[in-house]
């Protein structure tokens, strides 16, 4: 059990490792600190990320930068097309004439950081080939189950502009993603910095690893020790259950959503240098963690057709907050923080 109290900053090496990893990635992906933190929170939670973004917003660069920042981490990429077969993802057994036996040739899924580009362009049977890898961290081919690396992060992308010839992800597969977010275009100053940096070479060419896989594993264990007050636990459950009762929502978030919200909040707090979760963390992560798990009612979609998906989900969040208000204590009060800081690290 960690001896760090909730009100204190995590001690070295965990705090140093998290900051070093974040800053190293930022040398390649500029101006997206909170988005990078969200992806790293999924990594520390053992989850996966779905990016819904336009092309050219550094999604591939981010995946490669994460892999390049971890010693020995192997990146891999799958470019999804309608003719992509499940064996193109998982691998297959090939007959070796010299040995007179079949040998398994692993597919690109056997990597540490896997980028699945434009996942909705792959056929459903190919999309489903990723389900076992995402949920069980293993792959079964020809009746043989093979484990994936302990450090495994899948980053999938979707293009929100062009839907012709695509196969929308089913709700069951969307539910496997811990978070859904976007990077968006960089600011003017960051874009200017990018074009100056990449005129002669890409910064990925000089990126060096700053942490090890063991460091990441240690961060994962530390995130499990992040303190979550019982009031926040009840509130997370209440918020998730509220999505199942709203008339605007046809299908609400499952228990998997509650688990993802609390795990991501713990990792998010750790990446911000805290050993405790706050209500602000929960509210900030509500849409990235639960938004893609909700199936909105057709009538509500018709009413909000002039709004963006983000604006629609913000309305849904407000409805959920009305049904499940934040915990009653004044969390912004300094005295409350002092009392909280003296509590044990783990729940009773």
- Tell me, which helices (runs of 4 or more DSSP H) wholly within the stretch 205-314 include 2 or more residues that are under 15 Å from residue 175 (Cα atoms) and in contact with a helix residue (DSSP H, G or I) (Cβ under 8 Å, 6 or more places away or on another chain)? 255-271, 279-290
- Task: Could you check how many residues of the stretch 122-135 are more than 22 Å from residue 112 (Cβ to Cβ) and exposed (fewer than 14 other Cβ atoms within 10 Å of the Cβ)?
- Result: 2
- Item | Filtered residues of the stretch 98-129 (kept if on the phi > 0 side of the Ramachandran plot and free of Cβ contacts under 8 Å to residues at least 40 places away in the same chain) | 100
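Let's see how each residue does on (1) surrounded by 22 or more Cβ atoms within 10 Å (Cβ to Cβ); (2) more than 16 Å from residue 204 (Cα to Cα):
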{"residue": "24", "(1), (2)": "no, no"}
{"residue": "48", "(1), (2)": "yes, yes"}
{"residue": "54", "(1), (2)": "no, yes"}
{"residue": "57", "(1), (2)": "no, no"}
{"residue": "88", "(1), (2)": "no, yes"}
{"residue": "92", "(1), (2)": "no, yes"}
{"residue": "97", "(1), (2)": "no, yes"}
- Message: closer than 21 Å to residue 160 by Cβ, touching a strand residue (DSSP E or B) at 6+ places or on another chain (Cβ under 9 Å) and either buried (at least 22 other Cβ atoms within 10 Å of the Cβ) or touching a residue at least 60 places away in the same chain (Cβ under 8 Å) (or both): is that true of residue 84 in this structure?
- Response: no
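Bear in mind that the values in this text are calculations on the coordinates, not laboratory data. It should be emphasised that the depicted structure is a prediction, and the values quoted were computed from it without experimental measurement. Every residue, glycine among them, receives a Cβ derived from its backbone with ideal geometry; neighbour counts consider all protein chains shown.
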